[in-house]
Every structure is written in structure tokens, then in C-alpha cells.
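Down below is the structure, laid out as C-alpha cells.
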Amino acid sequence: MTLPQTPSFSLHGRRALVTGGSKGLGFASAVALAHAGAEVWIAARNRDDLAEAVELAAGGGLTLHPLALDITASKQVAETLSTLPTMNILVNSAGLARHQPFLEVSQANFDAVMDLNLRATFFISQQVARRMREAKMAGAIIHISSQMGHVGGPQRSVYCASKFALEGLTRTMALELGEAGIRVNTLCPTFIETELSRASLEDPDFRRYVMSNIKLPRLGNVEDVMGPVVFLASDAAAMITGSALMVDGGWTAT
């Protein structure tokens, strides 16, 4: 018998791109990857938000490279990626939620959510994965999905549809890209106190609904996704692909 060697969680020497990286879960993911040693680019549309994120990271001794980029603009994405080195890691954190009762959902809101949560994620992943394969470079693609990709929720028909679709996309990507050494997984948080969720959580009735479903007695925070992101990006998850890592406080356990 030989002594097993613990796999490394270090990301030194690797490059990562995080979409939606200037705020919330994206920024927390970028910080975690940088702490683990990766060279990290953060993409977002708002230059001021990017500058603030870069400055905040620098105050903690971390370097983040800003990319002013609208990931729904496929041509701009292709042009921008062509100027960057091939990534080892892609974290798709950019997302949108517009909550309405099913019977009141507008086509405009449906299109906006699907365009960012699914279409943009699909095509930036395609471009990053294509470059990984051409470079014969193993890598990890992590989609920030949601527990709402596994359960339904009131007034969340479009958001749930986008995340359920993302879960299906992940499994197919894993099947097709595994031979190239590219792993694809989702990370599925419960309700995290961020700018995106603030309006919903300010409703006392909805907050009670959320807390009644989370088995651990608290809401999530951005730090709760940081360890899981590093894990899925690292060699510690070398045999994990096509999977959903639930960070939901037990919501989907029932």
C-alpha cells in the first residue's frame, strides 16, 4: 500500500476569466481564484464598477485585470478574447433576474433573462472551450447556476427556465469536452444577500418563505461560494464533470 497524495487546491500558473466579475458572486469568485494563485480577468459592462472592483482587490494585495465587455454581444466577445491568452478557467457568473407571475411575464423580460443567463453563457463558453481544445489545454468551466435550476419558485418561471437549461447545457458540454480534458460543472447557490437578490429579500413574506426552506438557519453570503469555486477549478476536482455542486443550505434535500 502507498500513501495517497492530497490533490492540490493551488491555481498558480493558471489563468481565469470571470464574467459578471465586478460585483456579487462574480467578484467573490474572482477574489477566491486570485487568492488561490490564478491570474484573473473580470468582465463586466460598467467601467466604473470594474475600476472599483480592481481597486478593492488591490487593497487586499490582489491583482484583477478589468475587461469592459458586454457578453451578450457575440462579436465583441470574440474580438476581446482574441486579444487575451488562452484561459484555463472560465467562471460564468453574469446573470439577470426579472421576477413576475407566470401569466404576466413579458416577452421583453423573457428575452432579456434568456439572452444573458443562457445565450451569452453558451457562446462565451463555446469560444473559451474552443481555444482550450486548440491549445490542447485541460481546463475547467464553472457556470454559476442556482438551486432554482433544480426546483421551482414563485414568480420565477423565466429565471428557473434559464437555470434548468443551464444545467442541461452543462451535462452536454461535459460529455463533448471531456475527451479534451475540459471539465464543466455548475455551482448552485441558494439565496445570497447580493444586489441582485436584495429587492426580493426585502419583502417580509418572501424572506419568511426563503428562510423556511433553507435548512441551515441563515441566508447565504458571497463567501459561501468562494471555496466551492476554487475546488471546482482545481486539481482537487479532477474527476468531477457534468455535476451540480449545491450550495443551498439543504433547500433541495427534501
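Near the amide H of residue 17, under 5 Å away, which other amide H atoms are found, from residues 5 or more places off or on another chain, if H is placed in the peptide plane?
Close amide H contacts, sequence-distant or interchain: 41, 89, 90, 91.
Report, ordered by chain and residue number, the lysines lying within cross-link reach of residue 215, taken as a straight Cα distance under 23 Å and ignoring same-chain residues fewer than 8 apart.
Candidates past the 8-residue exclusion: 163.
Can you compute 3J(HN,Hα) from phi for each residue in the range 19-27, using the Karplus curve 6.51 cos²θ - 1.76 cosθ + 1.60 with θ = phi - 60°, rounded to whole Hz and x for Gly and Pro?
So the Karplus estimates, Gly and Pro as x, are 7, x, x, 8, 8, x, 5, x, 5 Hz.
Please list 3J(HN,Hα) in residue order for the range 104-109, calculated via the Karplus relation 6.51 cos²θ - 1.76 cosθ + 1.60 where θ = phi - 60°; whole Hz, with x for glycine and proline.
Once rounded to whole Hz, the list reads 10, 5, 8, 4, 5, 5.
Putting +1 on Lys and Arg Cβ atoms and -1 on Asp and Glu Cβ atoms, find which of 62, 143, 114 reaches farthest to the positive end of the dipole of the range 51-174.
The listed residue farthest towards the positive side: 143.
With +1 on each Lys and Arg Cβ and -1 on each Asp and Glu Cβ, how big is the dipole of the chain about its Cα centre, in debye rounded to the nearest 20? Intermediate values should be presented prior to the final figure.
Details: 21 positive and 23 negative charges, 100 e Å.
Value, rounded to 20: 480 debye.
To the nearest 500 deg cm²/dmol, what mean residue ellipticity at 222 nm is calculated for the chain from DSSP H runs of n ≥ 4 alone, each contributing -39,500 (n - 2.57), summed and divided by the residues? Could the numbers behind the result be given before it?
On the way: 9 runs with 104 residues, N = 254.
Theoretical 222 nm ellipticity from helices: -12500 deg cm²/dmol.
Which is farthest toward the positive dipole end of the range 15-244 among 211, 180, 132, measuring Cα position about the Cα centre, with Cβ charges +1 (Lys, Arg) and -1 (Asp, Glu)?
Result: 180, furthest along the dipole toward the positive end.
Suppose every K and R has +1 on its Cβ and every D and E has -1 on its Cβ; what is the size of the dipole of the range 1-67 about the Cα centre, in Debye to the nearest 20?
Working: 5 positive and 5 negative charges, 43 e Å.
Taking the Cα centre of the range 1-67 as origin, the dipole is about 200 debye.
Scan the chain and report its longest stretch carrying no GluC sites (Glu not before Pro) that are both in a DSSP loop and have at most 16 other Cβ atoms within 10 Å. Show your work: numbers first, answer last.
Details: sites that count: 193, 202.
Within the chain, the longest run free of exposed GluC sites (Glu not before Pro) spans 1-192.
Give a residue-ordered list of calculated ³J(HN,Hα) values for the range 46-60 (Karplus: 6.51 cos²θ - 1.76 cosθ + 1.60, θ = phi - 60°; whole Hz; x for Gly, Pro).
Coupling constants for the range 46-60: 8, 5, 5, 5, 4, 4, 5, 5, 4, 5, 5, 5, 4, x, x Hz.
Under a GNM of the chain (C-alpha, springs under 10 Å), which listed residue has the highest mean-square fluctuation: 59, 153, 26?
Of 59, 153, 26, the Gaussian network model singles out 59 as fluctuating most.
Just to confirm my numbers, what's the Cα centroid distance between the range 103-122 and the range 15-29 in Å?
21
Helix 223-233 sits at what angle to the longest principal axis of the chain, using alpha carbons and giving 0 to 90 degrees rounded to 10?
Computed tilt is about 40 degrees.
At 7 Å along the Cα-to-beta-carbon direction for both residue 112 and residue 12, put a label point, then send me their distance in nm to one decimal.
A separation of 4.5 nm, rounded to one decimal place.
Pick out which of 234, 146, 212 has the largest mean-square fluctuation in a Gaussian network model of the chain, springs linking Cα atoms closer than 10 Å.
Among 234, 146, 212, the largest GNM mean-square fluctuation belongs to 212.
If I model the range 15-244 as equal point scatterers sitting on the Cα atoms and use the Debye formula, what is log10 I(q)/I(0) at q = 0.11, 0.14, 0.17 Å⁻¹?
So the normalised log intensities are -0.53, -0.87, -1.30.
Read the figures in this text as sums done on the coordinates, not as results from a lab. Just so it is clear, the structure is predicted and the values come from calculations on it, not from any experiment. Don't worry about glycine lacking a Cβ; one is built from the backbone with ideal geometry, like all the others, and counts go over all protein chains shown.
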